[in-house]
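Read-outs: derived from the displayed coordinates by stated rules, not from any lab. Please read these numbers as outputs of a predicted model, since none were measured by experiment. We place every Cβ from the backbone using ideal geometry, glycine too, and count neighbours over all the protein chains shown.
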Amino acid sequence: MIRDLEMPTLPFTPELDRAYRLYAAKTIEDRALPDVRDGCKPVQRRILYAMHDMGLRADRPQRKCARIVGEVLGKYHPHGDQSVYGSLVRMAQPFAQREVLIDGQGNFGSIDGDGAAAMRYTEARLSPAGELLLSDIDADTVDFADNFDNSLREPMVLPTAFPNLLVNGASGIAVGMATNIPPHNLGEVADAIVHLVRNWERREAIEAPELMRFVPGPDFPTGGLIYRWRDEGSGPRDSILDAYSTGQGRMIVQARMHIEPAAGGKSHIIITELPYNVQKSTLLERIAREVKDGRITGMSDLRDESDYDDGLRVVVEVGRGADPQKVMAELLKYSQLQETFGCIALALVPEGGSLRPRLLSLRKMLVHFVAFRLTVIERRTRHELARRRDRLHIVEGLLKALADIDTVVQIIRQSKNPETAREALMAKLALSEIQASAILDMPLRRLTALEIGKLKDEAAELKTRIKQLEALLASEQLRLEVVVEETLAIKARFASPRRTVILEASDAVAGTHVVTESQLRQPGEPQTLLLTTVGIERRPAAGYRYLPGDGLTGRATASLISKVTVPPTGEVLLLSSQGRAWRQAVGFVPEKADAKELGLERGESLIAALALPEPPAAVGEGDGAGAGQGERRRRRSAWCWAAARAASSARCWPTWV
């Protein structure tokens, strides 16, 4: 009996090859790699569509994430709940996404590496940018497919209005391949799209250097620095150009830091921004371990002074007599303050009715997106045109009935039932079945002169709109203009200043020298500081004059207290009426700030601005050298943070004594 039930024997190698190939294909197409059109992996697409289906718009209240995860699992993505929740959390983290797609409420993790709270505690809804990925999804703009149990339909791609793949980047590991696309600035990408659309006919001839006039490089949500040039033995190479030309490249990214003088003749290295995907807690543990092993020397203390209001601030105390530049170089060498970002622009591209993984250059990613937008606009236009034509057909029937209302009333009164009346109207007035049904459903108030006028106006408006839609379908150039118009509107609404600084100079090669915040902010010419009763101003010294104007303006009512010229490498000392001082390089002084923007307390004002050509003894040494850490931190007032925040692209905080 047992022998009769034996299964047939299969060759092991061919069956293993078949099964593994099937697994690899599913992993590549349905899990790990994003689509070049909407920049989403399947789980991300299903989360966003489920939230849209639940009505979780940006202007509506949040709902529990547990409810969202259950909706996704039950309808579209029958996998582990933690994988769905993890993807939802990442789309809501501002330090992971350049433009967050989900607006979360509660603990969604931190740059320290802290995990998000359990899904039963957190709430979420779509962000305004997330809604853009689903715009016009109900207008037949994309194809739908059956879900896993054939009970519902889900979109195969989202009709996104901006290139999410470039703006937010992507990372994933499949079988035998991986993707790692860095985030970019939405405003810069929008400018590149506009340039590409306006040169659509020669799109195949556009190379990476032309597009890099608009997209100079990645823009990470955590800021930091990028070295454009990388020495690989044969001389400096433009790593960003390599990545944008071939789809692969290795970029050196560095934390943003600067050196501050401290009491007792010491110095502090202040870290204010980290490389992308570097966790602060892991970084601190790594530094402490390297100090213990003796690779990093000259440090006397390491502490984290970050908080919610003022952002990231890690203080590395340099011991008395140690060279802070040397300590900084060792930190970059032996810790994660300097990392290599390996760019692999691999995404799924529609080819021949299926999706294929392809390595993409910057031009190809933009071309695929614009081509997708043209398809979305065409399908959206056809959908609207069909609706407008259907409505015009009904309105014309109503107007025909109103023009001969006595006949209509007579037919209806003589009919035994609605079906007989419908057939009589169709025969007598040459109406379609839809028009006859609309006439039977028409309320009596439509018989007034005002309602008749409204129907005539509606018919004229429908005819005008139909002509516009037909012209749009007939002309690719008009559809390209729509792409430009919508892209510029998105840029005006969502674009933000660049956070990541790109070191453009060819002599700035990673590993050859250390770039600090002071060097980044050092002006190229002498600066003039104007201290007034309103606040402070900083302008280039060459050809600048202070001319108070007439009228009730801030310039007219302000009185000049002092004027000082500072060399580009000089330091400035600002004194307040409460005896407090702020010392930093001249590049850190805001270009223009009043007392409120500087964070001065009520009744406090600036009384002096001094240039320090040579570094003097530490300010307040006798007053603060023996103070405890808590006391020193309390003395670092809010003015320090607000003053640096007021400076353009300021992201590091000077010491306040």
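In deg cm²/dmol, rounded to 500, what helix-only [θ] at 222 nm does the chain give when every DSSP H run of at least 4 residues adds -39500 (n - 2.57) and the total is split over its residues?
It lands at -12000 deg cm²/dmol.
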(message) What FRET efficiency comes out for VAL484 versus ALA611 if R0 is 56 angstrom and r is the Cβ-Cβ distance? Round to the nearest 0.05.
(response) 0.70
(message) Run the numbers for ILE173 and LEU16: contour at 0.36 nm per residue of separation, minus the present Cα-Cα distance, in nm.
(response) 54.4 nm
(message) Given R₀ = 35 Å, what would the calculated FRET efficiency be for GLU525 paired with LEU560, taking r from the Cβ atoms and rounding to 0.05?
(response) 0.95
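If R₀ is 51 angstrom, what is the calculated FRET efficiency for the pair ARG57 and THR407, using the beta carbon separation as r and rounding to 0.05?
Rounded to the nearest 0.05, the efficiency is 0.60.
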(message) Test of understanding: what is the full-extension gain from LYS333 to SER281, defined as 0.36 nm times their sequence separation minus their Cα-Cα distance?
(response) 16.9 nm
(request) Highest first, please rank the peptides 110-118, 273-281 by the mean number of other Cβ atoms sitting within 10 Å of their residues. (result) 273-281, 110-118
(message) Residue by residue through segment 292-308, what is 3J(HN,Hα) from phi via Karplus (6.51 cos²θ - 1.76 cosθ + 1.60, θ = phi - 60°)? Round to whole Hz and write x for glycine and proline.
(response) 5, 7, x, 6, 10, 10, x, 8, 10, 6, 9, 9, 9, 10, 6, 8, 5
(message) Are there any GluC sites (Glu not before Pro) in segment 450-509 that are in a DSSP loop and have at most 16 other Cβ atoms within 10 Å? List them by number.
(response) GLU504
(request) Take the alpha carbon atoms of the chain, find their radius of gyration, then divide it by 2.2 N^0.38 Å using N residues; give the quotient. (result) 1.25
(message) At a 10 angstrom cut-off on C-beta neighbours, averaged per residue, how do the peptides 376-387, 399-410, 83-94 rank from highest to lowest?
(response) 83-94, 376-387, 399-410
(message) How far apart, in nanometres, would the label points at ARG198 and THR375 be if each is projected 7 angstrom from Cα along the Cα-to-Cβ direction?
(response) 2.7
(message) Multiplying the sequence separation of ARG303 and THR533 by 0.36 nm and subtracting their Cα-Cα distance, what value in nm do you get?
(response) 79.0 nm
(request) With no solvent and one equal point scatterer per Cα, compute the Debye intensity ratio I(q)/I(0) for segment 1-139 at 0.10 Å⁻¹ and report its log10, rounded to two decimals. (result) -0.43
(request) Evaluate the distance, in nm, between pseudo-label points positioned 7 Å from the Cα of LYS454 and of ARG493 along their respective Cα→Cβ axes. (result) 2.9
